[in-house]
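The values are calculated or read from the model by the stated rules, or taken from the named source; none is laboratory data. Treat the numbers as computed from the prediction; the structure is a model and nothing was measured. Note that each Cβ is placed from the backbone with ideal geometry, even for glycine, and that neighbours are counted across all protein chains shown. All accessible areas refer to the heavy atoms of the entire protein, side chains included, with ligands and DNA or RNA removed. Shrake-Rupley method; radii C 1.70, N 1.55, O 1.52, S 1.80 Å.
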Amino acid sequence: MSERTTRRAVPDTVIFDLGGVLIDWNPRYLYRHLFDDESSMEQFLAEVCDGQWNEQQDAGRSWDEAIRLRSAEFPEHAALIAAYRTRWDEMLRGPMHDSVAILEELRVRGVRLYALTNWSQETFPLAFERYPFLRAFEGIVVSGQERMIKPDPAIFQ
């Protein structure tokens, strides 16, 4: 094989996801401090503040509405539900350093960088302030601002 066929083509544009790729986010980082045992926490995250509920905020629903509706459904958990928003920053563990290093390497090479993320429009500005590497992107599409989430094909358009 020639050197030409074994060398990988360097892309001119890369689109990153953020949560779980560049930023370590997990509600368990907060709720482990709020529950006495792991099984109660897991039950709460599966039945009360589950992924589908969180995705509705990623799709543009306000946190005030989400907390009001869920607290009416589970009044015994109202304080824990409210904590999902008021203590949201405690769900951020930090940057995923290996991925951030790849981002930086691509930036230095002059690759155009974009991000597409399922994220609430209300909480994304907090992450943007906290993580300076997010400024490396030419553009970031935030699902909460677009009022649609991945994998809806329209968000990719």
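Set side by side, the residues Gly139, Gly144 differ, and just one is open to solvent by less than 80 Å² (accessible area, probe 1.4 Å), modelled with pLDDT under 95 and not charged (D, E, K, R), which is Gly144.
Considering only residues that are more than 20 Å from Phe156 (Cα to Cα), in a helix (DSSP H, G or I) and within 15 Å of the chain's Cα centre (by Cα), which ones fall in the range 106-132? Passing the criteria: Pro125, Leu126, Ala127, Phe128, Glu129, Arg130.
Filtering the range 75-87 to residues that are in contact (Cβ under 8 Å) with a residue 40 or more places away in the chain and open to solvent by less than 70 Å² (accessible area, probe 1.4 Å) leaves Leu80, Ala83, Tyr84. Applying the condition of being out of contact with any Leu (no Cβ under 8 Å at 6 or more places or on another chain) and buried (at least 18 other Cβ atoms within 10 Å of the Cβ) to the range 123-136 and asking which residue is farthest from Arg61 (Cα to Cα) yields Phe124. Residues satisfying the criterion are present in the range 51-74 (criterion: open to solvent by 60 Å² or more (accessible area, probe 1.4 Å) and touching a residue at least 40 places away in the same chain (Cβ under 8 Å)). For the range 88-106, residues that are farther than 19 Å from Leu126 by Cβ, of a type outside the set (Asp, Glu) and surrounded by fewer than 16 Cβ atoms within 10 Å (Cβ to Cβ) total 3.
Applying the condition of being outside any helix (DSSP H, G or I) and among the basic types (Lys, Arg) to the range 66-93 and asking which residue is farthest from Arg130 (Cα to Cα) yields Arg87.
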